[in-house]
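Everything on this sheet refers to the single structure shown next.
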Amino acid sequence: MKKLNERQKKWIERTVSNNRSYKLYLYNRFFLFLVLVLAQIVGYVWLAYLFAYNSRIGLAVQLAVGILEIIVLFYLINKNDRPSVKLNWILLILLVPIVGVPMYLLYGEGRPTRLMNRKILRAKEENNARWEEIYGQTEIPEAQTREEAIGRYLAQSAEYPLYRDGEIVYYKSGEEMFPAMKEALKSAEKYILIEYFIIAHGKMWQEMLSILLEKAAQGVQVRIIYDDFGCMMTLPPNYEKYLESLHENIRCMTFNDVVPIFAVRMNNRDHRKILVVDGKTAFTGGINLADEYIGEIRRFGYWKDSGVKITGNAVRSFVKMFFYIWNAFYKTKEDIGEYLPVETENDGGRYALNDKKICIQPYDDSPFDRVSVGETVYLDIINRASRYVYIFTPYLVLDDSLRSALCLAALRGVDVRIVTPAIPDKKTIFRLTRANYGILLKAGVKIYEYTPGFIHAKSMVSDDECAVVGTINFDYRSLYLHFENAVYFSGCEAVMAVKKDCEETFAVSKKCTPENTKRNLFGRLIDSLLRVFETLF
């Protein structure tokens, strides 16, 4: 990675300090990106037209596309995949083969590139080997209880252990969690790990950066990952180099640099939110490092989110998550053994509920394994629920499995409640979210729209027994295309804190009914068309 010269460094400092020119530049950057992408689309369509319909070789091109269309269709029909996803692509290819076939070849599989795959697999294997040297092989629990059943799955499929010690604290807003994050940062003695989808210039990040610089000067090692696409509208180019220029103990990388071209790898974003301090404390949830998350600025009304703080042995799972991305893509590898904490004595958890055994199990989800760990956990909780399931999600773009599970749970008498935003951040996704209301309401699912503003939280709680808080939305991108993380927990007071937050949120939200969500004929037609292609968004 090339170092910044003084002129570049001063330019970045001036850009981020001048809020007006900073935002103007970012908007222009994003606008340029959109223009270049649009130019490619127009170019592809024009070339396709010339070759297929306005050239001497047009018939040959049409024949080639037709043969390729048949091959792709047979492949899709025989593919072991979700029916709704296959149907979306089949319809697109049949209706517009000259566009549908290339789009499927580029984006249809939803996999990272081979190079990305190789790097991640290599980093995972090396980190797992080092993990086993220190802690031994991950124990696979016997599935005798509800938490042990999902714990066994996560230990086998995601390779993250179930822990019976430590503490987990739930925060119902960014304003509540941010002071705890700063306190943890100030206590750092060895290292700080930061991995976020969005980092934005403002009060939240400036306060954190001030602490990071102070700690780096004290010898604390700081490692930062941010997603380049997620930060395209919030940070200037080369910001990672700028951060590294501030102190030799700070190292930073961007995940999956944005390029304004059609590329398979642009499908896969790092949507995770992880903060780890000394292997003793970890934070995760929906909260990014931007001012709307702590109530400093208003976007789409009040921005509601949630997060958790974890202490104890479970924190080391977050260390493992962080370094399989870091060691896969950063210019120099690091020994994860230097960051993994010494195992502490199992104290049974300080916040156990009703003498139950506490259970804390962090996990992640990535697109390269072709298994949606996040969706499996959600489905398990919904399918095992006997009394209630409460859900927060900003996007409700469901596939067949989740839609059926929610409807069946409601039909068998489970109190299923979902909170979505009343004020959208993305109008098309908001329309798709509402397009799912009809069938859910008919089955007895209760849907609430958060009227104070936008709810960005991604959480689920069930039966006073278990909960999940993390970064995983109820949409196809989050479940199948992005790198995500969450934590499953049960038998602790944090479960009841999630439930209380849900009940308070229901009270300030609008309950949706068939009457107040009724659409005219044209609206129903638009929604039906959107639902046909919902897994392509």
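The values are calculated or read from the model by the stated rules, or taken from the named source; none is laboratory data. Everything numeric here is computed off the predicted structure, so don't read it as measured data. With ideal geometry, Cβ positions are generated from the backbone for all residues, glycine too; neighbour counts draw on all protein chains shown. Only protein heavy atoms, including side chains, enter the accessible area calculation; ligands, DNA and RNA are left aside. Shrake-Rupley method; radii C 1.70, N 1.55, O 1.52, S 1.80 Å.
Select from the stretch 139-226 those GluC sites (Glu not before Pro) which occupy a DSSP coil region and have at most 13 other Cβ atoms within 10 Å, ordered by residue number.
Details: sites: GLU139, GLU142, GLU147, GLU148, GLU159, GLU167, GLU175, GLU176, GLU183, GLU189, GLU195, GLU207, GLU214; in loops: GLU139, GLU142, GLU159, GLU189.
Those satisfying the criteria are GLU139, GLU142, GLU189.
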Check your understanding: If you plug each phi of the stretch 409-414 into the Karplus form 6.51 cos²θ - 1.76 cosθ + 1.60 with θ = phi - 60°, what whole-Hz ³J(HN,Hα) values come out, in order, with x for Gly and Pro?
Key -> 4, 5, 5, 8, x, 6
**Study point:** Inter-label distance for SER187 and LYS427, nm, one decimal - labels placed 7 Å from Cα along Cα-to-Cβ
**Key:** 4.7 nm
Practice item. In nm, give the distance between the simple-model label positions of SER157 and LYS510, each being 7 Å from the Cα along the Cα-to-Cβ direction. Key: 3.7 nm
**Study point:** At R0 = 41 Å, FRET efficiency that the Cβ-Cβ distance of LYS442 and GLU176 yields, to 0.05
**Key:** 0.65
Practice item. Using a 1.4 Å probe and ignoring any ligands, DNA or RNA, find the accessible area of THR138 and quote it in Å² to the nearest 10. Key: 40 Å²
Point to revise | HN-Hα J in Hz across the stretch 425-433 - Karplus 6.51, -1.76, 1.60, θ = phi - 60°, x for Gly and Pro | key: 9, 10, 5, 5, 5, 4, 5, 5, 4
Review point. Given a 1.4 Å probe and every protein chain left where it sits, what share in percent of the accessible area of the stretch 366-500 is carbon and sulfur?
Key: 51 percent
Practice item. Taking H placed 1.01 Å from N in the peptide plane, check which residues at least 5 places from LYS304 or on another chain put their amide H under 5 Å from its amide H. Key: PHE454, ILE455, HIS456
Review point. ³J(HN,Hα) across the stretch 479-493 via Karplus (A = 6.51, B = -1.76, C = 1.60, θ = phi - 60°), whole Hz, x for Gly/Pro?
Key: 7, 10, 10, 9, 7, 9, 8, 6, 9, 9, 8, 8, x, 9, 5
Check your understanding: Separation between the ARG114 and GLU133 pseudo-spin-labels, each 7 Å from Cα along Cα→Cβ, expressed in nm?
Key -> 3.1 nm
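How far, in nm, would the chain grow between SER386 and THR517 when pulled straight, counting 0.36 nm per residue and subtracting the alpha carbon separation?
Residue separation times 0.36 nm, minus the Cα-Cα distance, leaves 44.3 nm.
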